[in-house]
Amino acid sequence: TDGNGCTSFDTDDVEVFALPVVTFTAPADLCIDAGVQATLGGGTPVGGVYSGTGVTDNGNGTDYDFDPAAAGVGTHTITYTFTDVNGCTSFDTDDVEVFALPVVTFAAPADLCIDAGVQATLGGGTPVGGVYSGAGVTDNGNGTDYDFDPAAAGVGTHTITYTYTDGNGCTSFDTDDVEVFALPVVTFTAPADLCIDAGVQATLGGGTPVGGVYSGTGVTDNGNGTDYDFDPLAAGVGTHTITYTYTDGNGCTSFDTDDAEVFALPVVTFAAPADLCID
């Protein structure tokens, strides 16, 4: 209204825009060692930006990468933010949980000789419910024990693995080594064949490596790891097997044998002439 009492007016409009309706669904929960989850989406409308711990937005408005190792164990919120043509911004969030790997421990059996036979129902892995694997290993399928065959594994150091998967589907493992020892190489040569009346053959040897024990019919081991006595009369007529047994520093035992033959004396007969006079 002016000074003359004349009134007039003008109008103009202002529009209030609604925020865009934004939705987002995070990926399924996953284990920390799952690796980078690439080109994930889940946000609408397209054209927004993803953000959050472990998130790398790919800058194309459609997808992102998620690295569970970078995010770390725990529940993480991922945000999808969208701005429409009116400059109005809205966002939606969803959570993804990163699970820790189970803590797995395993202790292998003690080192053993190749001829020890199958070691049955061995354990050593925790938590129970896992699987054992490795050279010479047979998992028994019950989550608690396994068999180990040193002969099948062979001489050397072998790694046994215990693998466990928890209720979240996360898998971890632990390993330990068991060594299989070869048997010592043992050689033995028996004494030459002899007659039953030859008398005790003392301080005989012939076994290597030194440090073993001699045994057999007619044999007396002298307890010094180097020699023995052989009594053919005690052994008797015939072929006798003498054994030399040696145990090495690993507790592995081997032996070698050889034969000695004891001969009977010949049966000799003689008849003197008839008695007679000196002349």
If the Cβ limit is 9 Å and pairs must be 6+ apart or interchain, which residue in the stretch 225-238 that is in a loop (DSSP other than H, G, I, E, B) pairs with which residue that is of a type in the set (Asp, Glu) and surrounded by fewer than 16 Cβ atoms within 10 Å (Cβ to Cβ)? Val237/Glu261
Based on this model, can you work out whether Asp33 counts as open to solvent by 60 Å² or more (accessible area, probe 1.4 Å), touching a Cys at 6+ places or on another chain (Cβ under 8 Å) and of a type in the set (D, E, K, R)? yes
Are any residues in the stretch 223-279 within 52 Å of the chain's Cα centre (by Cα) and hydroxyl-bearing (Ser, Thr, Tyr), and if so, which ones? Thr226, Tyr228, Thr239, Thr241, Thr243, Tyr244, Thr245, Tyr246, Thr247, Thr253, Ser254, Thr257
Just to be sure, is Ala38 open to solvent by 30 Å² or more (accessible area, probe 1.4 Å) and either out of contact with any helix residue (DSSP H, G or I) (no Cβ under 8 Å at 6 or more places or on another chain) or of a type in the set (Lys, Arg) (or both)? yes
Wholly enclosed strands (runs of 3 or more DSSP E) of the stretch 1-78 bearing at least 1 residues more than 30 Å from Asp166 (Cβ to Cβ): 49-51, 55-57
Is it the case, given these coordinates, that Val103 is open to solvent by 70 Å² or more (accessible area, probe 1.4 Å) and aliphatic (A, V, I, L, M)? yes
Is the stretch 109-119 home to any residue that is of a type in the set (S, T, N, Q), in contact with a Pro (Cβ under 8 Å, 6 or more places away or on another chain) and open to solvent by 50 Å² or more (accessible area, probe 1.4 Å)? yes
Scope the stretch 226-245; condition in contact with a Gly (Cβ under 7 Å, 6 or more places away or on another chain) and open to solvent by less than 40 Å² (accessible area, probe 1.4 Å); matching residues: Asp227, Phe230, Pro232, Ala235, His240, Ile242, Thr243, Tyr244
(1) farther than 30 Å from Ala69 by Cα; (2) crowded, with 18+ Cβ neighbours inside 10 Å all hold for Cys170 apart from (1)
So Ala26, is it of a type in the set (Gly, Ala, Ser) and either free of Cβ contacts under 8 Å to residues at least 60 places away in the same chain or open to solvent by 30 Å² or more (accessible area, probe 1.4 Å) (or both): no
Against the condition among the aliphatic types (A, V, I, L, M) and open to solvent by 50 Å² or more (accessible area, probe 1.4 Å), how does Leu204 come out, does it pass? no
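The values are calculated or read from the model by the stated rules, or taken from the named source; none is laboratory data. Model, not experiment: these values are computed from the prediction. Heads up, the Cβs are rebuilt from the backbone with ideal geometry, glycines too, and the neighbour counts pull from every protein chain shown. Only protein heavy atoms, including side chains, enter the accessible area calculation; ligands, DNA and RNA are left aside. Shrake-Rupley method; radii C 1.70, N 1.55, O 1.52, S 1.80 Å.
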